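Colleague: Have a look at this one before I ask anything.
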Protein chains: 2
Amino acid sequence: MTFSLPIALDAMGGDKAPDSVVHGARLALKYFPNLRYTFYGNKEVVAPLIHRHKLDEIASIHHTDVSIGAQEKPSAALRRGKYSSMRLALEAVERGEASACVSSGNTGAFMAMAKLVLKTLPGILRPAITATMPARTRPVVLLDMGANIDCTAEYLVQFALMGEAYAKVVLGMENPTIGLLNVGEEDIKGHEELKLAHQMLRGITGSLAYHGFVEGNDIFEGTTDVVVTDGFTGNVALKTAEGTSRLFYATVKQAIEKSFWAKIGYLLARSAIKMALRKFDPRKYNGAMLLGLNGIAIKSHGGADAKSFANAIRVAATMVQENINQRIISELNQNPMSSPAAAAAVSG
Amino acid sequence: MTFSLPIALDAMGGDKAPDSVVHGARLALKYFPNLRYTFYGNKEVVAPLIHRHKLDEIASIHHTDVSIGAQEKPSAALRRGKYSSMRLALEAVERGEASACVSSGNTGAFMAMAKLVLKTLPGILRPAITATMPARTRPVVLLDMGANIDCTAEYLVQFALMGEAYAKVVLGMENPTIGLLNVGEEDIKGHEELKLAHQMLRGITGSLAYHGFVEGNDIFEGTTDVVVTDGFTGNVALKTAEGTSRLFYATVKQAIEKSFWAKIGYLLARSAIKMALRKFDPRKYNGAMLLGLNGIAIKSHGGADAKSFANAIRVAATMVQENINQRIISELNQNPMSSPAAAAAVSG
């Protein structure tokens, strides 16, 4: 008998739901044939899709009429969404009926509900949205991508430890290096909390490979394997990078379309360029974990298609299989954090 | 008799100085034939360069042996640099001997010295490093790019007004739109100071075209003509964009070089692509103003070559000719800023 991997899926979240969710669930079986699904959502629309994508034997439906709108405020979603597909999927994880849950729905609502339902791991102060992005030679792990606008030094230090565990588990890195995002590499730069986090990380006595401060350009240069920052800066950096890529791509594309010879040239160069750009395909990186919660909750992009959603399920299954939360707890135990006061006294 | 434009140049600042400075000064005459230069630096090395670049008739040298190192801390530079080429050039502006000064030297030292020597404009709380960057349809003005790590709502509101004046003067925009960088467009997102600045900007009774919050991806989409943020976030966003462009470019280049057909294709498409990418050439955007100081001080990139430096001089001359500082004062007068307390009271 194979060990099965039960996943709770918010069938109603995301622009392309529920088809992208059900189809994505089908595609994810390629990576993990032992996946089992419960779809939370409207039975009438979901059931035919399950049948169409030949998931009848491994899927069940938990019917609900309530779903969270993409524009709904987190507070409203919490009030109104007690029986929503999103919340029910999270509760399945909390009750141990599912090993993880995945949703492409409203990010703010998902974060708020996940925190409420799952709570943080023992000792963890705040969860952090953690994403994997393509960088020069190998992927880079970024956190926090938007869960916490203001971060204390202690939050940042915990993000570093959680990010290290994530890089080991998801990317199979042996001794990932950690950078703290700042506006310069010198010790004197940055906010007070950032400087304090820097001192605390340097003072960690365990095996953490803390590199020091890194700058915006280091993120995609691959200077470190993990880049730690507050949710405000992380969100801006991520979206700036997306915007830059799109502008670059659109500019080149437009130029090629305007010139006859360039068009011919592009036909010849196309497959090589496409192959190279494949590593930037955002679908391959879909699935950001709310790291630090007492249960595995994966946020898929709101615009995710089936392929994209399949990757988010893959991230979820990897987390389950590799026991991410046990690893985080063990990282915290192996790298006892000095208190901010102690770090300040040392550096004083 | 032509009106002449006297500029003070730090001949010793930057990786390629002094040659890039003197050669750049020559190239800048193409834009402003009425430029006159005083070079601050070592006479023995600068004099032959002036002669070689045929600037003898319009240039003089103010000799000094002292220059600021690229790695020197601002505090050390202030202590040690009283007779440095950088400081003497700034003092020439303060005394009215030059209309503007340009340096490719140490950014931190230049900011600290410029603030000390020139002081801020009446009513301006903090200067902001202001840069122009390429965006989808037309350039975007970004501030603050690193002068102020922590910003109050009042600083941000002043940056918006200064940025508007800058977009009008430097880019000739008639009614530039202003965005405030945040992690979402809803009023409830972001830091407290950011929300307060948002309320204050909406409350401005003058002609300011305040768009509201924008996100990281909006910067290069050209959603607004000016993007206002604190110096920490601005610096990270700018460097992240640089890193992303470099990664994108390197990936495509590498792919083309690996494939024979792609190489042939690239030969055909090359001129169209190069033409399109020309608009991203950082040399065309070199020259960031320390906006809000009582005198025009332009920071050129540390690695600036002659062409790049010429553009920084062009920015300086434009600022002089268009009376940027008068325009800023008039923007402030036309758009009386409500106090943070008043804005908070209004918003309840």
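Here, each number is a calculation from the coordinates, and none is a lab measurement. It should be emphasised that the depicted structure is a prediction, and the values quoted were computed from it without experimental measurement. When we count neighbours, we look across all protein chains shown, and the Cβ atoms used for this are built from the backbone with ideal geometry, even at glycine.
Colleague: Of B:D19, A:D144, A:D225, how do they rank once you tally other Cβ atoms within 10 Å and put the fewest first?
Modeller: So the ranking, lowest neighbour count to highest, is B:D19, A:D225, A:D144.
Colleague: Sort A:S99, B:S271 so the one with the fewest other Cβ atoms within 10 Å of its own Cβ comes first. Don't jump to the answer; show the numbers that get you there.
Modeller: Details: A:S99 21, B:S271 14.
Ranking A:S99, B:S271 by Cβ neighbours within 10 Å, fewest first, gives B:S271, A:S99.
Colleague: Test of understanding: what is the full-extension gain from A:S75 to A:R52, defined as 0.36 nm times their sequence separation minus their Cα-Cα distance? Each step should come with its number before you reach the end.
Modeller: On the way: separation 23, 0.36 × 23 = 8.28 nm, distance 3.63 nm.
That pair, A:S75 and A:R52, stretches by 4.6 nm at full extension.
Colleague: If you place +1 on the Cβ of every Lys and Arg and -1 on the Cβ of every Asp and Glu, how big does the dipole about the Cα centre of chain B come out, in debye to the nearest 20?
Modeller: Working: 37 positive and 32 negative charges, 263 e Å.
Dipole about the Cα centre, nearest 20: 1260 debye.
Colleague: Follow-up question, since we're still on this one. With +1 assigned to the C-beta of every Lys and Arg and -1 to the C-beta of every Asp and Glu, and no other charges, what is the dipole magnitude of the stretch B:217-348 about the Cα centre in debye, to the nearest 20?
Modeller: Values: 15 positive and 10 negative charges, 172 e Å.
Around 820 debye, computed over the stretch B:217-348.
Colleague: In peptide A:217-229, how many Cβ atoms from other protein chains are near each Cβ within 10 Å, on average?
Modeller: Values: counts 11, 3, 6, 8, 4, 2, 1, 0, 0, 0, 0, 0, 1.
Partner-chain Cβ atoms within 10 Å, mean over residues of A:217-229: 3.
Colleague: Ok, one more. Restricting to bridges with both residues inside the protein assembly as shown, how much of the DSSP beta-bridge set is antiparallel, in percent to the nearest 5?
Modeller: Working: 19 of 79 bridges.
Close to 25 percent.
Colleague: Give the separation of the Cα centroids, the stretch A:211-262 to the stretch A:31-85, in Å.
Modeller: Between the Cα centre of the stretch A:211-262 and that of the stretch A:31-85, the gap is 34 Å.
Colleague: Still on this structure: Of A:F32, A:A47, A:V21, which is farthest towards the positive pole of the stretch A:7-60's charge dipole, taken about the Cα centre with +1 and -1 on the beta-carbons of Lys, Arg and Asp, Glu respectively?
Modeller: A:F32
Colleague: Go through A:K168/B:K195; A:K30/A:K168; A:K299/B:K258 and tell me which ones have a Cα-Cα distance over 32 Å in this structure. Show your work: numbers first, answer last.
Modeller: On the way: A:K168/B:K195 38 Å; A:K30/A:K168 23 Å; A:K299/B:K258 37 Å.
Going by Cα-Cα distance, A:K168/B:K195; A:K299/B:K258 fall outside the 32 Å limit.
Colleague: Right, next: List the lysines whose Cα sits under 16 Å from the Cα of A:K253, skipping any in the same chain fewer than 8 residues away.
Modeller: Answer for A:K253, where 16 Å is the Cα cut-off: A:K263, A:K274, B:K253, B:K274, B:K279, listed by chain and number.
Colleague: Right, something else. Could you tell me which of A:M289, A:I204, B:A269 has its Cα farthest along the dipole of the protein assembly as shown towards the positive end, charges placed at Cβ (Lys, Arg +1; Asp, Glu -1), taken about the Cα centre?
Modeller: B:A269
Colleague: Quick check: net charge around B:E91, other residues with Cβ under 14 Å of its Cβ, Lys/Arg +1 and Asp/Glu -1? Display every interim value, and only then the final one.
Modeller: Values: positive: B:K82, B:R87, B:R95, B:K115, B:K119; negative: B:D10, B:E94, B:E97.
Once all neighbours under 14 Å are counted, the net charge is +2.
Colleague: With runs of 4+ DSSP H residues as the only contributors, calculate the mean residue ellipticity of the protein assembly as shown at 222 nm using -39,500 (n - 2.57) per run, divided by the residue total and rounded to the nearest 500.
Modeller: Numbers: 26 runs with 332 residues, N = 696.
Calculated from helices alone, the mean residue ellipticity at 222 nm is -15000 deg cm²/dmol.
Colleague: Sticking with the crude label model, points 7 Å out along Cα→Cβ, report the distance from A:K30 to B:S271 in nm, one decimal please.
Modeller: 4.2 nm
Colleague: Calculate, for B:K307 and A:D150, the FRET efficiency according to 1/(1 + (r/R0)^6) with r their C-beta to C-beta distance and R0 51 Å; round to the nearest 0.05.
Modeller: Working: r = 43 Å, r/R0 = 0.83.
Calculated value: 0.75.
Colleague: GluC sites (Glu not before Pro) within the stretch A:135-202: which are DSSP loop residues with at most 14 other Cβ atoms inside 10 Å?
Modeller: Details: sites: A:E154, A:E164, A:E174, A:E185, A:E186, A:E192, A:E193; in loops: A:E174, A:E185, A:E186.
Of the GluC sites (Glu not before Pro), the ones in loops of the stretch A:135-202 whose Cβ has at most 14 other Cβ atoms within 10 Å are A:E174, A:E185, A:E186.
Colleague: Exposure proxy check: B:M86, B:M319, B:M133 ranked by fewest other beta carbons within 10 Å?
Modeller: B:M133, B:M319, B:M86
Colleague: Only Lys, Arg, Asp and Glu count, each charged at its Cβ (+1, +1, -1, -1), so figure out the dipole size of the protein assembly as shown about its Cα centre, rounded to 20 debye.
Modeller: 2080 debye
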